[in-house]
Amino acid sequence: MRQFLAIVLITVAITATVFVVTQTPVAAEPPPITLTYEGNYSPGYMGEGDVILANGQAYLAAGNLNQLQIISLLETLTKTGSAASSSTAKSIGVYGDYIYLGTQSNGVQVFNNTPPNPTWVRDLATGIVFDIATSNDLVFVASEYGLVIIDPITNIITGTYSTGGFGGTGITISGTVAFLSTYNALVTIDVDDPQSPIFISSFPYVNGYAKSVRFGNYLYAGRRLTSYFHTLDIADPANITKPSSTAGYVSDLGVIYNSYHDLAYLVVAGTNLRVFDINSTPEDPELVFTMPLSGTATALGVDDNGNIAVVEASQVQFFALHFDEPPPPTPTEEPPPPPTPTEEPVLITHTISLPLIIRSN
């Protein structure tokens, strides 16, 4: 008897149900911030003045004391250096190895930045100086005549722009554009060629502007003799617009930018100290802190470490903006629930072939 062996392939369809889970990423919450009072420094009656924070120091134009003073931010706010001026010290800037002291009668006085005894280098005839800014390897001066540009390598005047009798009160630089606050307008100037500044536009306002500060495409400009500041859209310097205004007396403004968290805050000093969030809506700053001052501020200095210095008539008050890391979760916290499906189930069908062996005798 013969035996037959047959192999038959049987096709079987297997169907499985699979849930496709889509989980929406959660944006990281910004770290909590706190504003603290750190202390004060009292040099005597200044009347007015200016301050800039750099290199762990506060460089102070001590107004009617006719002095440049240097205060350590690391050594309990102690004076670490000074130099005498022959005129009222109204504004100050620091660039490289030099300190630039803006005065009432002697223009810009240049000193070697050598604490504890900065040494005089020269005077530059700029007229009365109201504000100083440094950018693009240049020193920019808002003077009673308009804009003055100084080469910090040679310490000579390399360019000027006259505002026609309405002197400069504040200066902010963005790339190759200078925003000069004057007594009747905000004047925009192309400084790509510092030897030949070129007028771009003028944005007029009654009583003009005082100090200003830039963040991104926005300029925050304090108004003179009024109780508010403007937010100006400067994306196109030839066509400036004003998205919003914010009430409250303004003497000076600054921006603190924390690069680690990529967060920026606008600091405004006047009859009090205010901090505004300008991250999500820079065109409309949101107030997050108000701190009382013992007197009316005349100037403000900030740095990106969160240090804040406010100049008043007889003292400098120091504050700090802290960017705190959120605490890690404790072991007692429940683990987060698993994500729930957010889409319809998907049917997946796969076909396989199975051998069937048939034996016949």
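The values are calculated or read from the model by the stated rules, or taken from the named source; none is laboratory data. Given the structure is predicted, the values throughout are model-derived calculations rather than measurements. Don't worry about glycine lacking a Cβ; one is built from the backbone with ideal geometry, like all the others, and counts go over all protein chains shown.
Structure data summary
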{"quantity": "Residue check, Phe289 part of a strand (DSSP E or B) and more than 19 Å from the chain's Cα centre (by Cα)", "calculated": "no"}
{"quantity": "Filter result (among the β-branched types (Val, Ile, Thr) and modelled with pLDDT of 95 or more) within region 60-95", "calculated": "Ile70, Ile71, Thr88, Ile92, Val94"}
{"quantity": "From Thr119, Thr169, residue being among the β-branched types (Val, Ile, Thr), surrounded by fewer than 19 Cβ atoms within 10 Å (Cβ to Cβ) and either touching a helix residue (DSSP H, G or I) at 6+ places or on another chain (Cβ under 7 Å) or in the same structural domain as Asp252 (by TED's automatic domain parsing) (or both)", "calculated": "Thr119"}
{"quantity": "Filter result (over 14 Å from the mean Cα position of the chain (by Cα) and either in a loop (DSSP other than H, G, I, E, B) or not assigned by TED's automatic domain parsing to the domain that holds Thr298 (or both)) within region 256-279", "calculated": "Gly270, Thr271"}
{"quantity": "Flag if Gln57 is in the same structural domain as Phe130 (by TED's automatic domain parsing) and within 16 Å of Asp304 (Cα to Cα)", "calculated": "yes"}
